[in-house]
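Undergrad: Here you go, one structure.
The values are calculated or read from the model by the stated rules, or taken from the named source; none is laboratory data. Since this is a predicted model, take the numbers as computed values, not measurements. Note that each Cβ is placed from the backbone with ideal geometry, even for glycine, and that neighbours are counted across all protein chains shown.
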Amino acid sequence: MIISSPCVVSLTWRLEDAQGQLIDELSDPMEFLVGGEDLLPKVEAALIGQTTGFETHLHLEPEHAFGDYDAGLVFFEARELFPEGVSPGMQFEGPPEGATTPDLPADAIYTVTEVYDQHVVLDGNHPLAGIALRLSLKVCDVRQALEEEVQQGSVAAMPFSLASTPGPDDTLH
C-alpha cells in the first residue's frame with residue numbers, strides 16, 4: 001500500500017540532536033496516523049507516496065520540529081499556587097490557577113524546572129524546542145486508517161504525537 005493521507009504507518013526510528021547524541025530510539029514498530037496529529041508535517045511529507053520498507057534520514061531545524069525556544073514561556077509563580085511536594089520535572093497543563101504572569105497559553109504543558117521556598121519556575125517550551133534534530137526512520141507496515149482513528153486524529157486512544165511533551169523520565173514514544 002502506498003502511504004497517503006489518511007492511513008496508518010508502523011515506524012521505527014532513531015532520533016538524535018544535531019551533534020549525534022541519542023535522544024530517543026524506537027526499535028519496536030509503533031503505529032502513527034498520517035494525516036492526523038501523530039507526526040510532524042515534515043515527517044509526513046517525507047512519507048507520502050512511499051511504501052513498506054522505505055527508509056530515510058531527515059534533518060529537522062527547530063521550526064520544522066518543536067519550534068524555537070521562547071524565553072517568554074519561562075516564568076515564576078508563587079509557591080503557594082502549587083500542590084505540596086511539587087518538584088522539578090513535574091508537568092501541569094496550563095498555568096496554575098491564580099497565576100499572575102499575563103498572557104500565558106492555557107493549552108500549553110508547563111514543566112517545573114526549579115522550586116524555591118517562595119516561588120516555582122515553570123517552562124512552557126517543549127523539551128526539544130530550539131534543537132535541530134536528526135531523524136532516521138523506517139516504514140515497517142502501512143494499513144488503511146480506521147474511521148475512529150481518522151475522527152480522533154490519532155491511532156492511540158489518548159492521542160500521542162511526536163510533537164507531544166515527554167515527562168522527565170519519559171521517552172518520546
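Undergrad: Going residue by residue through the stretch 7-18, is there one that turns out to be in contact (Cβ under 8 Å) with a residue 12 or more places away in the chain and farther than 19 Å from Ser136 by Cα? Steps first, answer last, please.
TA: First, pick out the residues of the stretch 7-18 that are in contact (Cβ under 8 Å) with a residue 12 or more places away in the chain: 7-18.
Restricting the remaining residues to those that are farther than 19 Å from Ser136 by Cα gives 7.
Yes - at least one qualifying residue is present in the stretch 7-18.
Undergrad: Please enumerate the residues belonging to the stretch 50-85 that are within 24 Å of the chain's Cα centre (by Cα) and either among the acidic types (Asp, Glu) or surrounded by fewer than 13 Cβ atoms within 10 Å (Cβ to Cβ) (or both).
TA: Across the stretch 50-85, the qualifying residues are Glu55, His57, His59, Glu61, Glu63, Asp68, Asp70, Ala71, Gly72.
Undergrad: Give all pairs with beta carbons closer than 6 Å in which a residue from the stretch 69-81 that is among the acidic types (Asp, Glu) meets a residue that is modelled with pLDDT of 95 or more; count only pairs at least 6 apart in sequence or on separate chains.
TA: As it stands, the answer is Glu77/Val120, since those pairs meet every condition given.
Undergrad: Can you work out which of the residues in the stretch 91-107 that are without any contact (Cβ under 8 Å) to a residue 60 or more places away in the chain and touching a Ser or Thr at 6+ places or on another chain (Cβ under 9 Å) is nearest to Ile23 (Cα to Cα)? Working first, answer last.
TA: Taking the stretch 91-107 and keeping what is without any contact (Cβ under 8 Å) to a residue 60 or more places away in the chain, we get 92-107.
Those still in the list that are touching a Ser or Thr at 6+ places or on another chain (Cβ under 9 Å) too: 92, 95.
Numbers: Phe92: 23, Pro95: 27 Å.
Looking at the filtered set, the residue picked out is Phe92.
Undergrad: Taking the stretch 92-114 on its own, how many of its residues are surrounded by fewer than 16 Cβ atoms within 10 Å (Cβ to Cβ), touching a strand residue (DSSP E or B) at 6+ places or on another chain (Cβ under 8 Å) and either under 13 Å from Asp70 (Cβ atoms) or not small (Gly, Ala, Ser) (or both)?
TA: Looking only at that region, the number is 6.
Undergrad: Can you say whether Leu11 is within 20 Å of Gly130 (Cα to Cα) and out of contact with any helix residue (DSSP H, G or I) (no Cβ under 6 Å at 6 or more places or on another chain), as far as the supplied structure shows?
TA: Numbers: within 20 Å of Gly130 (Cα to Cα): no; out of contact with any helix residue (DSSP H, G or I) (no Cβ under 6 Å at 6 or more places or on another chain): yes.
No: the conditions fail for Leu11.
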